[in-house]
Amino acid sequence: MKFTIDGQEIEAKPGQTIMEAADAAGIYIPRLCAHSDLKPIGSCRVCTVIVDGRPQAACVKPVAEGMVVENETPELLEHRRNIIDMMFVEGNHFCMFCERSGNCELQAMAYRFGITAPQYPFQFPPKEVDASHPDVMLDHNRCIMCARCVRASQELDGKNVFQSIGRGFDRKIGVNGEKVLADTDMSVDDRSADVCPVGCIIKKRTAFKTPIGQRLYDHQPIGSDIEEGGHE
Amino acid sequence: MSERKIIIEPVTRVEGHGKVTILLDENQQVTQARLHIVEFRGFERFIQGRPYWEIPVLVQRLCGICPVSHHLAAAKAMDGIVGVDQLTPTAEKIRRLMHYGQMFQSHALHFFHLCSPDLLFGFDADVAIRNVVGVARKFPELAVQGVMMRKYGQEIIKATAGKKIHGTGAVPGGVNKNLSIAERDEFLKEIDQMIEWSKSALKIAKDYTFEHLDELADFGAFDSNHVSLIREDGAMDLYHGNLRAVNAEGATIFDQVDYQGYYKYIAEEVRPWSYMKFPFIKTIGPENGWYRVGPLARINTCDFIDSPEAEIARQEFMGITDGKPNNLTMAYHWARMIELLHSAEKIRDLLNDPDLQGTDLMVKGERREESVGLIEAPRGTLFHHYKVDENDQVTMANLIVSTTNNNTPMNLAVEGVAKKYLSGTEITEGLLNHVEVAIRAYDPCLSCATHALGKMPLEIELRDAAGELIDRKAR
């Protein structure tokens with residue numbers, strides 16, 4: 001099956017999403033809620049592409065024969081940049097002392113998009129820190145509602161530690177409803193403790209053990225692995 | 001009684017923003033001088049609730065000039081929280097290297113960029129010349145040395161902390177990297193040059209002090225107590241030790257005090273006109289228990305320096321007061337340059353120590369609820385005190401920063417200078433300059449901005465008792 005991304009012809013297998021086919025071809029489509037081990041939900045909209053003239057989330061849209069996909073247009077880059085920008089002001093993201101700095105997908109995405117300061121006013125929403133669990137801490141200040149933890153707990157761990165609760169601006173990640181992490185069967189070895197793209201779910205006592213210069217995004221922008229993989 | 005206020009703000013070429021008020025009585029005599037710290041930072045409050053392992057990286061944001069000091073003081077406190085009393089040799093030496101690199105770059109910055117214009121051009125020289133650009137024009141070699149020395153120290157910080165400013169090297173119980181052979185060899189190439197340049201900077205400060213001894217003896221000088229960390233054998237130790245306090249005559253007030261119990265010996269007084277507290281030695285009381293910290297205090301308190309060339313310099317320094325504490329405000333510059341040389345010598349010794357290439361970086365221990373970390377920062381003794389709950393969240397923080405320890409001495413220095421140089425109600429450039437020079441001797445860290453060019457607008461206001469403006473001078 002063939003289709004095009006920004007005019008480049010791409011080979012795809014039946015059932016593949018646009019993102020999967022693009023990844024295989026070495027074309028990086030930015031994403032934050034999508035994770036290769038989890039079912040896609042098209043929630044963050046950072047992967048929005050134009051498919052035959054209409055905006056679609058590349059992580060959930062299956063490829064069809066002859067599809068014309070636009071990825072790196074000025075409009076789409078602007079659109080994605082704005083979404084990332086909004087994530088920064090809707091949480092309390094202090095990269096300067098966040099232990100996920102250098103390994104954070106949101107921070108890396110901002111760097112990739114050349115964001116040095118948000119263009120929107122900070123909301124400074126009141127958020128909670130749940131440090132009740134002996135080995136895992138939840139800092140809701142940094143949550144971007146990607147729901148990776150919700151899916152990982154259900155799909156990979158066979159548990160139901162995390163849920164999305166509330167609506168709109170008040171939507172948040174809950175643990176067993178309105179309880180704290182210590183009340184759940186969360187284990188530090190759960191996959192849900194590994195998939196957080198930001199510094200919301202952190203393993204206690206592991207902070208800053210990787211020196212600056214050896215962190216995931218210290219030398220290469222996010223997406224480089226996909227782009228390099230495609231050239232081989 | 002009719003009182004007048006003269007306000008000088010902002011003070012240029014100190015690390016931050018301050019404001020000086022000089023209170024006059026009806027006879028135009030100075031009654032009191034107050035150095036206001038206008039910033040309110042709030043760190044002690046807003047780090048509550050944060051996990052303890054985040055604190056060494058978070059609190060260093062207090063300052064962009066000596067973040068390493070806060071980073072290491074907090075890390076030392078958190079060593080205690082994770083139950084570690086002794087780091088691995090590699091971890092302690094990497095931290096020491098980071099600290100000496102910090103001391104070296106900060107002292108070099110202060111001397112060459114902030115203080116040397118005063119010494120080289122004179123306190124009364126035109127501010128258009130009396131700045132770092134003026135130094136670069138008239139003494140280009142000296143200016144280059146200053147830049148290169150600062151860079152050397154910054155590169156050491158980068159090699160040990162990952163970044164020149166606000167790195168992550170120290171973690172509770174150790175460090176996250178060692179020093180590679182390649183990194184070490186780069187530093188070894190230049191260390192002899194750094195020591196030579198340190199000696200020539202020391203000579204400038206020393207010669208200046210000798211040449212102007214009579215003038216300086218009367219310039220913001222006053223007797224005081226002196227406090228610093230001290231090694232168990234009485235040697236100067238900038239990274240670790242116990243607390244020692246001596247009085248103006250050199251008599252011991254307390255000695256070899258474990259700093260975990262610092263609060264039994266030192267208390268802080270609050271005064272309504274300043275956000276900065278006024279620390280004092282408890283047994284003496286707030287009136288006379290205040291003390292100096294920093295380079296001058298450290299040279300005054302220690303029995304000896306364990307690096308040969310700095311020890312020779314210390315003996316020369318103590319020689320002019322027959323071995324008793326030196327109480328001249330302007331002697332800070334000389335003392336600071338002795339420490340610059342000491343830091344360079346210590347860096348050389350560490351670079352030649354194979355422990356820096358060790359791979360045993362972390363130690364674990366039994367969790368504790370409360371811990372104190374102290375370090376001798378470039379500007380003086382820095383106190384970090386934390387309590388951490390069973391969920392690993394900070395519940396209490398008390399920070400006594402170096403500049404706070406020097407609060408009363410700085411006020412007295414300004415008062416002394418104002419009494420000497422203020423004549424009548426005329427606001428002169430000379431008064432302005434001399435007050436600034438006195439404050440700058442303490443290298444105060446008032447917030448996080450540098451005004452190295454001396455171009456900040458400087459304003460003095462004269463106000464009568466009713467607060468009415470009767471005169472103003474600005475530049």
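The values are calculated or read from the model by the stated rules, or taken from the named source; none is laboratory data. As the structure is a prediction and not an experimental result, all values here were calculated from the model. Here Cβ is always computed from backbone atoms with ideal geometry, including for glycine, and neighbour counts include all displayed protein chains. Side chains are part of the model used for accessible areas, which takes the heavy atoms of the whole protein and leaves out ligands, DNA and RNA. Shrake-Rupley method; radii C 1.70, N 1.55, O 1.52, S 1.80 Å.
Just to check I understand the Karplus step: with θ = phi - 60° and J = 6.51 cos²θ - 1.76 cosθ + 1.60, what whole-Hz values come out for region B:304-318, glycine and proline as x?
6, 10, 8, 10, x, 6, 5, 5, 4, 5, 5, 4, 5, 4, 6
Only loop residues by DSSP count here, and only those with at most 13 other Cβ atoms within 10 Å; note down the chymotrypsin sites (Phe, Trp or Tyr not before Pro) in region B:174-274 that meet that.
B:273
What number results when the radius of gyration of the protein assembly as shown, computed over Cα atoms, is divided by 2.2 N^0.38 Å?
Cα Rg divided by the expected 2.2 N^0.38 Å: 1.10.
Put +1 on the Cβ of every Lys and Arg and -1 on every Asp and Glu Cβ in the protein assembly as shown; which of B:227, B:182, B:338 then has its Cα farthest towards the positive end of the dipole?
B:227
Given the whole protein assembly as supplied and a 1.4 Å probe, what does the accessible area of residue B:240 come to in Å², nearest 10?
Per-residue accessible area (residue B:240): approximately 80 Å².
Using only protein heavy atoms and a 1.4 Å probe, how much accessible area in total is buried between B and A, to the nearest 100 Å²?
Protein heavy atoms only, the B-A interface buries about 1700 Å².
Among B:428, A:17, B:283, B:395, what's the order by accessible area (1.4 angstrom probe), most exposed first?
These residues rank, largest area first, as B:283, B:395, B:428, A:17.
Ignoring ligands and nucleic acids, what accessible area does residue A:19 show with a 1.4 Å probe (Å², nearest 10)?
Accessible area of residue A:19: about 10 Å².
Rounded to whole Hz and in sequence order, give me ³J(HN,Hα) for region A:178-183 from the Karplus expression 6.51 cos²θ - 1.76 cosθ + 1.60, θ = phi - 60°, writing x for Gly and Pro.
Ordered by residue, 3J(HN,Hα) equals 9, 8, 10, 4, 5, 7 Hz.
List the lysines whose alpha-carbon lies under 19 Å from that of residue A:172, not counting same-chain residues fewer than 8 positions away?
Of all the lysines, those that pass the test against residue A:172 - Cα under 19 Å, at least 8 places apart if same chain - are A:127, A:159.
Work out which residues of region A:124-161 lose at minimum 10 square angstrom of accessible surface when the other protein chains are put back, relative to the chain isolated, with a 1.4 angstrom probe, and list them by number.
Residues meeting the cut-off: A:129, A:131, A:132, A:137, A:139, A:142.
Largest first, how would B:367, A:142, A:81 line up by accessible area (1.4 Å probe)?
B:367, A:81, A:142
Quick query: amide H of residue B:222 versus all other amide H atoms, modeled in the peptide plane; which residues come in under 5 Å with a sequence gap of 5 or more or a different chain?
Hits under the 5 Å cutoff: B:329.
Applying 1/(1 + (r/R0)^6) with R0 = 41 Å to the Cβ-Cβ distance of residue B:185 and residue A:122, what FRET efficiency is obtained, to the nearest 0.05?
So, using R0 = 41 Å, E works out to roughly 0.35.
List every residue whose amide H lies under 5 Å from the amide H of residue A:201, counting only residues 5 or more places away in sequence or on a different chain, with H placed 1.01 Å from N in the peptide plane.
Hits under the 5 Å cutoff: A:139.
Just which residues of region A:194-232 lose 40 Å² or more accessible area with every protein chain there, against their chain alone, with the probe set to 1.4 Å?
Output list: A:204, A:205, A:208, A:209, A:211, A:212.
In Å², what does the accessible area per residue of region A:2-72 work out to with a 1.4 Å probe?
46 Å²
In Å², what does the accessible area per residue of chain B work out to with a 1.4 Å probe?
That works out to 36 Å² for each residue.
Given the whole protein assembly as supplied and a 1.4 Å probe, what does the accessible area of residue B:196 come to in Å², nearest 10?
Ignoring ligands and nucleic acids, residue B:196 comes out at about 100 Å².
In the protein assembly as shown, what percent of the accessible surface is made up of carbon and sulfur (1.4 Å probe, ligands and nucleic acids excluded)?
Carbon and sulfur together cover 50 percent of it.
With the solvent-accessible surface defined on protein heavy atoms using a 1.4 Å probe, which residues belonging to region B:149-198 display a reduction of at least 10 Å² in accessible area in the multichain context relative to the isolated chain?
B:162, B:163, B:168, B:171, B:176, B:177
Could you give the accessible area per residue of region A:82-203, probe 1.4 Å, as a whole number in Å²?
Using a 1.4 Å probe on heavy atoms only, each residue of region A:82-203 averages 44 Å².
Between residue B:45 and residue A:164, what's the calculated FRET efficiency when r is the beta-carbon distance and R0 is 30 Å? Round to 0.05.
So the FRET efficiency works out to roughly 0.40.
Would you calculate, for the protein assembly as shown, the mean residue ellipticity at 222 nm contributed by helices, counting each DSSP H stretch of 4 or more residues as -39,500 (n - 2.57) and dividing by all residues, to the nearest 500?
After summing the helix terms and dividing by the residues of the protein assembly as shown, the value is -10000 deg cm²/dmol.
Using the Karplus equation 6.51 cos²θ - 1.76 cosθ + 1.60 (θ = phi - 60°), what ³J(HN,Hα) coupling, rounded to whole Hz, does each residue of region B:397-412 give in order, writing x for Gly and Pro?
Whole-Hz 3J(HN,Hα) from phi for region B:397-412: 9, 10, 10, 10, 8, 3, 4, 5, 4, 8, 4, 4, x, 5, 4, 5.
For residue B:254, enumerate residues with amide H under 5 Å from its amide H, sequence gap 5+ or separate chain, H modeled in the peptide plane.
B:245
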